[in-house]
Amino acid sequence: MTTPHTVAVLGLGRMGAAIAGRLMAQDQDVVGWTRSGRTPGDVRTTGAPDEAVAKADLVILALFDGPACRQVLDDVRASLRADTVVLNTSTVAPAEAAELARTLGASYIHAPVLGSVPAVAAGTLRILAAADREAFDRARPVLEALGTVRRVDDASTAAALKLIANNSLAGAVLALRDSLRQADALGLPRAEVLDVLELGQLGGLVARKRPFLTGQVAPGTAHFTVGALTKDMALLAAASHTPLRSAAGLADSHVDPEADIAVAATVPAVEDAVLEPLRAYVRGHATGDPAHFRDAFLPTAHIEGIRNGAFVSWRLDDYCALFEGRPAPDEPGRRRRIDAVDVHGTVATATMTLTHGPDTFTDLFLLARADDGWRIANKAYHRHS
């Protein structure tokens, strides 16, 4: 493809439309098709995907997920010319990428991209490309018009690396959320907080997303959506068979899936009602008054852990009997903090660290929202001596 040829872009969502626009600006002959029927006004489109690919030298897929890629490719297989290269920029599971590569053979390039709409427009995407040499050489002008290319050994590896990169992005979004929540709790002005965060490790994210973080972008405007990043984290967790906190953190953010990922960083901290039983639990330890534990726990709760080398499982009454109604002699030196609370509808989990003299306890709680509010259903603990 040393001279402009017809490029078919299948999928004209945010990224697909941006890719089509970038290539048109580079004097490529572009024809597009979109599953939704909603098309950018400046892209020449067709009513069916096979019409778009019939005369194309290069077909670019910019679709939401693996099933969409399989469906669209099944629809156009009969219309693909033998020498047409298929370049897939979609984010899919490693196994899905490998299957697409097996199905299409040497004409398939798996090329997920790092970067969102602004990077496409500027031609600064980072592209992870797995391809045979001939297919890669033919697609090189288009790839280089979109950004910088990093060759990868195979389609599965390219897909896996893209998911890992997006996991780091999800982690940054959640770290930013935690920073903003702590700043809010301290009463710090949001603008000043963002100014300082731009100086640190989250600076690039804050600088790019500041309009979203300050509400200066109209609702519904997004460069990369919460729904898309949540999908990617679910793919990564399924592929790695390894727990992934960011998958749950994004899924439970209660943000419009079509909102930009930066909006997930602005979600307020959990409501006080969820924290109240945990605070009552802290008051019980601080005062030695078991009445606070009865406020904190459901009557059916159990408290479990290893004590003196043996597993114990106390009913609430048995646990309350351990307290004498007065603070421990060393109470002024004891410390307690709530480390994490994750709410999942009507249930929640929480972790707390208690430093009691020479011993540190890690307490894990399961909470439930009952008719009279949130209560602790069960507690398990580990004692670090």
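Counting only alpha carbon atoms, the long axis of helix 226-240 and the longest principal axis of the chain meet at about 80°. In the stretch 306-385, Rg over Rh equals 0.99, where Rg is the alpha-carbon radius of gyration and Rh the Kirkwood radius from pairwise Cα distances.
Using the rule -39500 (n - 2.57) for each DSSP H run of four or more residues, divided by the residues of the chain, the 222 nm mean residue ellipticity is -12500 deg cm²/dmol. Considering only beta bridges that DSSP places wholly inside the chain, some 60 percent are antiparallel. To the nearest 10 degrees, how steeply does helix 272-287 sit against the main Cα axis of the chain, on a 0 to 90 scale? Between helix and principal axis, roughly 30 degrees. FRET efficiency for the Arg383 to Thr214 pair, using the beta carbon distance and R₀ = 35 Å, is estimated at 0.20.
Sequentially through the stretch 183-191, phi angles give Karplus couplings (6.51, -1.76, 1.60; θ = phi - 60°) of 5, 4, 5, 8, x, 7, x, 4, 4 Hz, Gly and Pro residues having no value and appearing as x.
Once backbone amide H atoms are built at 1.01 Å from N, Thr45 has Gly32 as its partners under 5 Å, excluding neighbours fewer than 5 places away on the same chain. As a fraction of the 1.4 Å probe accessible area of the chain, surface on carbon and sulfur atoms comes out at 53 percent. Mean separation of Cα pairs under 8 Å and 6 or more residues apart, divided by the residue count, gives the chain a relative contact order of 10 percent. Ranked by the mean number of other Cβ atoms within 10 Å of their residues, highest first, the peptides 80-87, 322-329, 117-124 fall in the order 80-87, 117-124, 322-329.
Please grab the % of Cα pairs in the stretch 158-277 that end up more than 23 Å from each other. That tail contains 32 percent of the Cα-Cα pairs. When both the stretch 4-39 and the stretch 158-176 are represented by their alpha-carbon centers, they are found 26 Å apart. Please compute the volume of the convex hull spanned by the alpha-carbon atoms of the stretch 1-117 and report it per residue in Å³. About 99 Å³ per residue, rounded to a whole number. For the pair the stretch 109-152 / the stretch 309-334, the C-alpha centres are spaced 61 Å from each other. Between the Cα long axis of helix 133-146 and the first principal axis of the chain there is an angle of about 70°, rounded to the nearest 10. Applying the Karplus relation 6.51 cos²θ - 1.76 cosθ + 1.60 with θ = phi - 60° to the stretch 326-341 yields 3J(HN,Hα) values of 9, x, 5, x, 9, 3, x, x, 7, 9, 9, 8, 8, 8, 7, 9 Hz, where x marks Gly and Pro.
With protein chains left intact and a 1.4 Å probe, residues in the chain average 48 Å² of accessible area per residue.
The values are calculated or read from the model by the stated rules, or taken from the named source; none is laboratory data. Since the structure is predicted, the reported quantities are computational estimates derived from the model, not experimental observations. Glycine also receives a Cβ, built like all others from the backbone with ideal geometry; neighbour counts cover every protein chain displayed. The accessibility values were calculated without ligands, DNA or RNA, using every heavy atom of the protein model including side chains. Shrake-Rupley method; radii C 1.70, N 1.55, O 1.52, S 1.80 Å.
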